[in-house]
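Everything below concerns the one structure shown next.
The values are calculated or read from the model by the stated rules, or taken from the named source; none is laboratory data. Nothing here was measured: the structure is a model prediction, and the numbers come from that model. So basically every Cβ, Gly included, is an ideal-geometry build from the backbone, and we count neighbours across all protein chains shown.
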Amino acid sequence: MMTEGFNSSPGIQSSAEESRQLGMDVLVGYILLCGVLLSMLLIIIGLVWKYIQSGGIHLDYELAGMNLFQFVVSEVHIAALGEIRPRLLVNMGIVVLMLTPFFRVLASMVYFLAVLKNWKYTVFTSFVLLVLTGSLFLR
Amino acid sequence: MIPFHLVFPVAILAGFVGAMSGMGGGIILIPALTLLGVDIKHAIAISILSVIATSSGSASAYVRDHITNLKVGMFLEMFTIVGALAGAAITLVSSTRPLYIAFGGVLLGSWLALLLIGHESWHSVSDQDGITRWLELEGSYPDQVLGQTIHYKARRAYLGAPLMFVAGVIAGLLGIGAGAVKVLIHDLVMGLPPKVSTTTSNLIIGVTALAGTSVYLAAGLISPGLAAPVILGVVLGAFLGTRLLVRLSNQSVRRFFLFILLILAVEMIVRGIRGA
């Protein structure tokens with residue numbers, strides 16, 4: 001089979017290498033945690049605001065079909081006009097949630113490239129990033 | 001519009017089960033939302049959005065506890081993400097009854113396969129093949145129940161990869177994490193320990209779900225009024241489920257998983273046949 005003369009004994013890594021690998025776990029873990037918490041925070045503030053404003057937490061609006069990029073642009077545009085409303089906060093919560101796995105993959109790619117210098121996994125994560133980016137621009 | 005106080009508890013339960021089993025939660029959420037009167041395509045779209053939240057929320061803890069295998073995850077993501085885009089595209093043009101039956105069929109298939117290997121306890125792969133070694137798919141994790149670090153190697157990545165494409169199609173198609181299928185591939189095909197299987201599946205699900213969500217967002221199927229309670233509930237449930245998982249033995253996780261799968265499989269198939 002094609003082992004390409006790769007002879008490192010499995011399971012045995014130098015401790016520096018090992019601690020760099022563990023560093024990646026921490027980085028990825030915190031990106032995921034922060035993304036989810038920020039998203040939830042935005043949604044909760046949006047709902048609480050809605051409740052204070054109208055006495056209920058029903059959000060009766062739909063999103064027209066658009067890709068994430070158009071969604072972000074329209075929300076940022078509304079925010080720039082100073083029209084910060086419950087609806088904007090809930091929408092931003094959804095955007096942040098969708099961008100969380102995206103940034104996780106992006107950070108992993110950079111970490112494989114710059115810290116672990118693992119070309120194989122830099123290529124793998126780049127591919128995933130490319131497909132994800134493409135899907136976010138889907139129409 | 002379904003009231004917040006009905007959707008929220010259902011979402012908590014879905015998140016809890018999703019994190020406990022590595023399935024992602026959609027498997028509970030979609031049947032429940034359709035029972036509350038949500039159209040199945042909207043339910044699928046909201047479910048897959050919420051799967052991003054469950055996956056990321058619970059994965060964040062597993063990854064920091066060093067149980068998840070990032071390399072296994074990132075290698076397999078390449079295949080599952082392409083599948084997810086294809087699956088979501090199929091759902092947009094499909095009618096609803098086949099969706100129910102496909103949903104139940106996937107669950108039942110997973111249940112049968114898991115049952116057949118259920119009595120066998122995990123032991124480390126000794127015959128790692130060249131391709132899997134080249135892909136560096138191995139690792140170790142601290143097992144809180146056994147109180148020691150478990151070293152393991154994966155095998156048969158060449159078989160796991162195309163199967164993960166299929167898992168991606170199912171995820172995109174049905175708006176679930178398809179974690180059941182991913183866990184099976186990790187367990188049976190690649191020989192990973194059960195906890196590494198479920199937690200790595202959890203990580204992969206986030207990326208698959210994002211690809212699916214993009215398709216549904218573009219189709220205008222994401223409704224924020226439904227998304228808000230579902231996201232909040234699912235994350236809360238997943239948080240509770242995650243804290244429980246690390247304290248359980250591999251056998252209890254498997255038994256719990258089998259139980260949930262069977263109930264839902266039967267439920268969805270019956271609804272598909274009856275015309276829901």
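Hey, does the stretch B:64-79 have a residue that's over 23 Å from A:Thr122 (Cβ atoms), within 10 Å of chain A (Cβ to nearest Cβ) and either in a loop (DSSP other than H, G, I, E, B) or of a type in the set (S, T, N, Q) (or both)?
Yes.
Go through (1) more than 7 Å from chain B (Cβ to nearest Cβ); (2) touching a Leu at 6+ places or on another chain (Cβ under 9 Å) and name the single condition A:Glu83 misses.
Status for A:Glu83: all satisfied but (2).
Among the residues of the stretch A:47-78, which ones are surrounded by 15 or more Cβ atoms within 10 Å (Cβ to Cβ), assigned to a helix (DSSP H, G or I) and of a type in the set (A, V, I, L, M, F, W, C)?
A:Leu47, A:Trp49, A:Leu68, A:Phe71, A:Val72, A:Ile78
Restricting attention to the stretch B:207-227, does a residue exist that is under 30 Å from A:Glu62 (Cα atoms) and modelled with pLDDT under 85?
no
So which of B:Leu135, B:Leu146, B:Leu184 is out of contact with any strand residue (DSSP E or B) (no Cβ under 9 Å at 6 or more places or on another chain) and over 18 Å from B:Leu70 (Cα atoms)?
Just a single option satisfies the conditions, and that option is B:Leu146.
Which of the following residues is under 14 Å from the mean Cα position of the chain (by Cα) and either within 21 Å of A:Phe103 (Cα to Cα) or part of a helix (DSSP H, G or I) (or both): B:Val10, B:Val17?
B:Val17
Would the stretch B:112-134 turn up any residue that is within 14 Å of chain A (Cβ to nearest Cβ), in contact with a Ser or Thr (Cβ under 6 Å, 6 or more places away or on another chain) and of a type in the set (S, T, N, Q)?
Looking through the stretch B:112-134, none of the residues is within 14 Å of chain A (Cβ to nearest Cβ), in contact with a Ser or Thr (Cβ under 6 Å, 6 or more places away or on another chain) and of a type in the set (S, T, N, Q).
State all residues of the stretch B:33-78 that are crowded, with 24+ Cβ neighbours inside 10 Å and acidic (Asp, Glu); if no residue qualifies, say none.
B:Glu77, the sole residue that qualifies.
Only one residue in B:Leu221, B:Leu244, B:Leu262 is closer than 30 Å to A:Val48 by Cβ and either more than 11 Å from every other protein chain (Cβ to nearest Cβ) or basic (Lys, Arg) (or both). Which one?
Exactly one of B:Leu221, B:Leu244, B:Leu262 is closer than 30 Å to A:Val48 by Cβ and either more than 11 Å from every other protein chain (Cβ to nearest Cβ) or basic (Lys, Arg) (or both), namely B:Leu244.
Does B:Thr34 satisfy being of a type outside the set (A, V, I, L, M, F, W, C), in contact (Cβ under 8 Å) with a residue 40 or more places away in the chain and not in a helix (DSSP H, G or I)?
So B:Thr34 fails the test.
So which residues in the stretch A:13-32 are surrounded by 14 or more Cβ atoms within 10 Å (Cβ to Cβ) and either more than 9 Å from chain B (Cβ to nearest Cβ) or closer than 27 Å to A:Phe137 by Cβ (or both), if there are any at all?
If the condition is that a residue be surrounded by 14 or more Cβ atoms within 10 Å (Cβ to Cβ) and either more than 9 Å from chain B (Cβ to nearest Cβ) or closer than 27 Å to A:Phe137 by Cβ (or both), then A:Gln13, A:Arg20, A:Leu27, A:Val28, A:Ile31, A:Leu32 are the ones that fit.
Does any residue of the stretch B:46-54 turn out to be small (Gly, Ala, Ser), out of contact with any Gly (no Cβ under 7 Å at 6 or more places or on another chain) and modelled with pLDDT under 85?
no
Okay, residues lined up against (1) hydrophobic (A, V, I, L, M, F, W, C); (2) touching a helix residue (DSSP H, G or I) at 6+ places or on another chain (Cβ under 7 Å); (3) closer than 18 Å to A:Ile84 by Cα:
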residue: A:Gly23; (1), (2), (3): no, no, no
residue: A:Leu27; (1), (2), (3): yes, yes, no
residue: A:Ile31; (1), (2), (3): yes, yes, no
residue: A:Gly35; (1), (2), (3): no, yes, no
residue: A:Lys50; (1), (2), (3): no, yes, yes
residue: A:Leu59; (1), (2), (3): yes, yes, yes
residue: A:Ala64; (1), (2), (3): yes, no, no
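Please go through the stretch A:103-121 and give me each residue that is more than 25 Å from B:Thr54 (Cα to Cα) and either assigned to a loop (DSSP other than H, G, I, E, B) or more than 10 Å from chain B (Cβ to nearest Cβ) (or both), ordered by number.
A:Leu113, A:Ala114, A:Val115, A:Leu116, A:Lys117, A:Asn118, A:Trp119 - these are the residues of the stretch A:103-121 that are more than 25 Å from B:Thr54 (Cα to Cα) and either assigned to a loop (DSSP other than H, G, I, E, B) or more than 10 Å from chain B (Cβ to nearest Cβ) (or both).
Quick one: which residue in A:Thr125, A:Thr100 is farther than 30 Å from B:His42 by Cα, at the interface with another protein chain (Cβ under 9 Å from one of its Cβ atoms) and surrounded by 21 or more Cβ atoms within 10 Å (Cβ to Cβ)?
Of A:Thr125, A:Thr100, the one residue that is farther than 30 Å from B:His42 by Cα, at the interface with another protein chain (Cβ under 9 Å from one of its Cβ atoms) and surrounded by 21 or more Cβ atoms within 10 Å (Cβ to Cβ) is A:Thr125.
Out of the residues in the stretch B:139-173 that are in a strand (DSSP E or B) and more than 14 Å from chain A (Cβ to nearest Cβ), which is surrounded by the fewest Cβ atoms within 10 Å (Cβ to Cβ)?
B:Gln148
Between B:Arg97, B:Arg64, which is under 21 Å from B:Thr199 (Cα atoms) and basic (Lys, Arg)?
B:Arg64
Among (1) touching a Phe, Trp or Tyr at 6+ places or on another chain (Cβ under 6 Å); (2) at the interface with chain B (Cβ under 9 Å from one of its Cβ atoms); (3) not aliphatic (A, V, I, L, M), where does A:Phe71 come up short?
Status for A:Phe71: all satisfied but (1).
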